[in-house]
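The values are calculated or read from the model by the stated rules, or taken from the named source; none is laboratory data. These numbers were taken from a predicted model, which means no experiment stands behind them. Because the Cβ atoms are built from the backbone with ideal geometry, glycine has one as well, and the counts that use them run over all protein chains shown.
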Amino acid sequence: MTDPMQALQAMLQAGGADAAEFPPNSRYQGIGTAKRTSADGRIIVFVKRRFVPGPGQFALIQEHPVVQGDRLDNIAAKYLGDPEQFWRLCDANGAIRPDELTETIGGKVRITLPQGISGPANA
């Protein structure tokens with residue numbers, strides 16, 4: 001089995017140092033790359049830091065009440081149509097750990113529009 005870090009490094013090296021080829025549903029899509037030279041002369045390409053937007057930058061669509069057995073990937077699939085978009089729910093709710101959004105039964109998960117898309121004024 002391939003080491004995930006080696007696979008990522010190979011992908012970054014192949015794509016050059018200007019832009020990584022992350023899929024459109026990735027939280028890293030559109031984030032550039034940079035490179036540094038290690039002490040032994042190897043060039044290491046890495047993904048630049050992604051700055052997580054504050055929850056107030058997202059327009060609320062609705063809230064999902066957490067019930068026993070909820071999983072964030074299933075919530076993302078239900079409301080966003082893609083389980084791999086769970087990170088959007090994390091961003092919109094200010095969650096560092098994805099599990100924190102579903103660990104409290106009766107809690108609310110904010111379902112929002114993507115960052116930068118405003119909702120109706122009366123929503």
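Got at least one residue in segment 74-87 being closer than 18 Å to PRO53 by Cα and without any contact (Cβ under 8 Å) to a residue 40 or more places away in the chain?
To start, the set of residues in segment 74-87 that are closer than 18 Å to PRO53 by Cα comprises 85-87.
Going one step further and asking which of them are without any contact (Cβ under 8 Å) to a residue 40 or more places away in the chain, we end up with 86.
Taking every residue of segment 74-87 in turn, at least one turns out to be closer than 18 Å to PRO53 by Cα and without any contact (Cβ under 8 Å) to a residue 40 or more places away in the chain.
Looking only at segment 25-43, how many residues end up being surrounded by 10 or more Cβ atoms within 10 Å (Cβ to Cβ) and not in a strand (DSSP E or B)?
Within segment 25-43, residues that are surrounded by 10 or more Cβ atoms within 10 Å (Cβ to Cβ) and not in a strand (DSSP E or B) number 7.
If you scan segment 99-123, which residues turn out to be at pLDDT 95 or above and aliphatic (A, V, I, L, M)?
Of everything in segment 99-123, those that are at pLDDT 95 or above and aliphatic (A, V, I, L, M) turn out to be LEU101, ILE105, VAL109, ILE111.
Go through (1) farther than 15 Å from ASP99 by Cα; (2) touching a His at 6+ places or on another chain (Cβ under 8 Å) for ILE75 and report which single condition fails.
Among (1) farther than 15 Å from ASP99 by Cα; (2) touching a His at 6+ places or on another chain (Cβ under 8 Å), ILE75 violates only (1).
Among PRO98, PRO65, which is outside the structural domain of PHE22 (by TED's automatic domain parsing), in contact (Cβ under 8 Å) with a residue 24 or more places away in the chain and under 11 Å from the mean Cα position of the chain (by Cα)? Explain how you work it out, then say what you get.
Numbers: PRO65 fails: under 11 Å from the mean Cα position of the chain (by Cα).
Matching residue, one of PRO98, PRO65: PRO98.
Restricting to segment 22-58, name every residue that is within 16 Å of ALA95 (Cβ to Cβ) and β-branched (Val, Ile, Thr).
VAL52
Residue check: is ILE105 in a loop (DSSP other than H, G, I, E, B) and either touching a Phe, Trp or Tyr at 6+ places or on another chain (Cβ under 6 Å) or over 27 Å from GLU21 (Cα atoms) (or both)?
Values: in a loop (DSSP other than H, G, I, E, B): yes; either touching a Phe, Trp or Tyr at 6+ places or on another chain (Cβ under 6 Å) or over 27 Å from GLU21 (Cα atoms) (or both): yes.
When the stated conditions are applied, ILE105 passes them.
Enumerate the pairs (first residue in segment 33-52 and touching a residue at least 12 places away in the same chain (Cβ under 8 Å) and among the aliphatic types (A, V, I, L, M); second residue anywhere and assigned to a loop (DSSP other than H, G, I, E, B) and exposed (fewer than 10 other Cβ atoms within 10 Å of the Cβ)) with beta-carbon separation below 6 Å, excluding pairs fewer than 6 apart on the same chain, so at least 6 apart or on different chains.
Note: pairs meeting the criteria are ILE44/SER38.
Looking at segment 74-92, which of its residues are surrounded by 15 or more Cβ atoms within 10 Å (Cβ to Cβ) and within 18 Å of TYR28 (Cα to Cα)? If you could, list the steps in order and put the result at the bottom.
Step one: filter segment 74-92 for residues surrounded by 15 or more Cβ atoms within 10 Å (Cβ to Cβ), giving 75-77, 79-80, 83, 85-92.
The answer is ALA76, LEU80, PRO83, GLN85, PHE86, TRP87, ARG88, LEU89, CYS90, ASP91, ALA92.
With surrounded by 13 or more Cβ atoms within 10 Å (Cβ to Cβ), within 17 Å of ARG110 (Cβ to Cβ), at pLDDT below 95 and not small (Gly, Ala, Ser) as the only criterion, which of PHE22, PHE58, PHE46 stands out?
From the options PHE22, PHE58, PHE46, the qualifying one is PHE58.
Count, please, the residues in segment 45-70 that happen to be more than 15 Å from LEU113 (Cα to Cα) and either small (Gly, Ala, Ser) or not in a loop (DSSP other than H, G, I, E, B) (or both).
Total meeting the criteria: 5.
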